[in-house]
Structure formats: C-alpha cells, structure tokens
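What follows is a single structure, written as structure tokens, with notes after it.
Bear in mind these aren't lab numbers, they're just calculated from the coordinates by the rules spelled out. What you are looking at is a predicted structure, and each value in this text was computed from that prediction instead of being measured. FYI the Cβ positions are ideal-geometry reconstructions off the backbone, even for glycines, and counts take in every protein chain you see.
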Amino acid sequence: MNTIKILAVDDHKMTMVGYKYILEDTDFEDYVVEMDMEDTFDTGKQKIEEASKKGAPYHIILLDIQLSPIKEGYARTGEDLGIIARKISPTSKIVFLSSFSDNYRINSIMQSVNPEGYMVKTEINEDALKDMVETVLTVPPFYTKKALIAIRNRMSSDIHLDDNDKKLLYYLSIGTKTKDMVEYVSLSLSGIENRKRQLKEILGVGKENDYALITAARDKGFI
C-alpha cells in the first residue's frame, strides 16, 4: 500500500499530535498516512529542504500561520514558509490550518502562496481532515466553510503585504523608532512613513496611532 507523507508545522504541539493521531489512524482506500511534526519556522524549513533533496518531497504540507520565531531577525510566519515551500518543493500540496478566518489574512495567503487548501481550526474534525487529504491529492482545493466565505468575499489586492511591510510592522511592534527602521527595511525614511500610512488604511485603522496599527496587524496574524 502506498504511503502519503505529510509534514505539519504548528507551534502548538498538542494540536499536531491530534492531527497525527487522526490521520494516521484514518482508513483511506488506497494509502496510509505518515506524518512528521515541527513547531518552528526554522525546523519546518529544514524538513522541507531535506525531503526535497532526497527526491522524496512531502505529499502534503500543513502550515499554521503563527509559528515560533527564528533565532535571529524578524519573526517569520507560516505564510513565509509556504512561499519558500512553493519554490523548493513545488509538487507538495500546501494547506493552511489556522485560527484566522478574516478576509484580510486568508486572501493575503491566497495571493502569496495559492495553497491547495485552507482550514479554519474551529471547523476541523476527523471527517474534515479525511476529506482534506482526499481532496488535495486528487481535485484540490479544499476549504472549510469560513475560509470559503472569506475567499468569496475577496477584497482588493492591497491586502497583500510584502516583505518590507512585514518587517516594518515587526520592528514597530518591538519598539523600533521609525527613523531607525531604515537599517532594517529597504525603504527611505519618507518611504517608511508613507507605507505606514498606507498600512493603516489597509488594516482599517485610518488615522489612528501606531499602537492601533500594531494591534490590527497582530489580530490579523501579520506579526
């Protein structure tokens, strides 16, 4: 019988153990599932790279959006890891399993990663996990109800934040002064100020202060 290799990257270990128990115990018709688990961006990336180099890439990669931070530099998310996985393991099916169900976050991931699936954690159960595996391996995509609603209500392309946006939000969140961000973000000081104003509009806080911007970005899983 064939074996479907799955990698789950989630900073909640007990959540992954639950997924592993369910999927490895599920009675699929033509295959069995073996699932590896990692809980940080770094170790998840390493697993994907190693499997690809061995010529045995994962069939499915399950990603949470919020991951434990890397040791140096600004925090990386599951979205960032999904973008990397697309490049180094193009045959792998990528599925996000996250608590985030808002339009901004889901549609940002749709644009940057274009995953084969998105599941909102409150909608995950044994049947949904089984359906997800069977669907993404044959006729993807697979979305839970809340994710599908968000995708149908797709907003403008402005909701996609690039690498500079994420760095700006991260360094702002740890108290870095705007004038010092030119050391970390590939923008001029005026460019940073302008982008910060745009981010406030994108994240719906208008002319409120930087704290409101940080709070909105954190609520949507960007930092």
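How far is helix 103-112 tilted, in degrees, relative to the longest principal axis of the Cα atoms in the chain, given as a value from 0 to 90 rounded to the nearest 10?
Long axis of 103-112 versus the principal axis of the chain: about 70 degrees.
What's the FRET efficiency of residue 190 with residue 212 using the Cβ-Cβ distance as r and R₀ = 35 Å, to the nearest 0.05?
So the FRET efficiency works out to roughly 0.95.
With +1 on the Cβ of every Lys and Arg and -1 on the Cβ of every Asp and Glu, and nothing else charged, how large is the dipole of the chain about its Cα centre, in debye rounded to the nearest 20?
On the way: 30 positive and 36 negative charges, 189 e Å.
Using only the charged Cβ atoms, the result is roughly 900 debye.
Pick out, from 171, 194, 217, the residue whose Cα sits farthest towards the positive end of the charge dipole of the stretch 161-219, with +1 on the Cβ of Lys and Arg and -1 on the Cβ of Asp and Glu.
The listed residue farthest towards the positive side: 194.
With a 10 Å Cβ neighbour count serving as the proxy for reagent exposure, in which order, fewest first, do 14, 132 appear?
Numbers: 14 7, 132 26.
So the ranking, lowest neighbour count to highest, is 14, 132.
Quick one: helix 41-53 against the long Cα principal axis of the chain, what's the angle to the nearest 10°, folded into 0 to 90?
50
Compute the label zone of residue 13 within the stretch 28-64: residues whose backbone N is under 18 Å from the point 7 Å along Cα-to-Cβ.
35-45, 47, 64
Translational D (Stokes-Einstein, µm²/s) of the stretch 1-47 at 4 °C and 1.567 mPa s when Rh comes from the Kirkwood sum over C-alpha pairs?
116
Which of the trypsin sites (Lys or Arg not before Pro) across the stretch 7-69 are loop residues per DSSP, with 12 or fewer other Cβ within 10 Å? Write down the numbers at each step before the final one.
Values: sites: 13, 20, 45, 47, 53, 54; in loops: 54.
Those satisfying the criteria are 54.
Of the GluC sites (Glu not before Pro) in the stretch 161-211, which ones lie in a loop per DSSP and count no more than 11 other C-beta atoms within 10 Å?
none
Thinking of the stretch 2-152 as a set of Cα atoms, what percent of all their pairs are more than 28 Å apart?
Tail of P(r) above 28 Å: 11 percent of Cα pairs.
Of all GluC sites (Glu not before Pro) in the stretch 1-49, which ones are in loop regions per DSSP and have a Cβ with at most 10 other Cβ atoms within 10 Å?
29
Using only the alpha carbons, work out the radius of gyration and Dmax of the stretch 161-219 in angstrom.
10.2, 27
Using the alpha-carbon atoms, what tilt in degrees (0 to 90, nearest 10) does helix 163-173 show relative to the longest principal axis of the chain?
70
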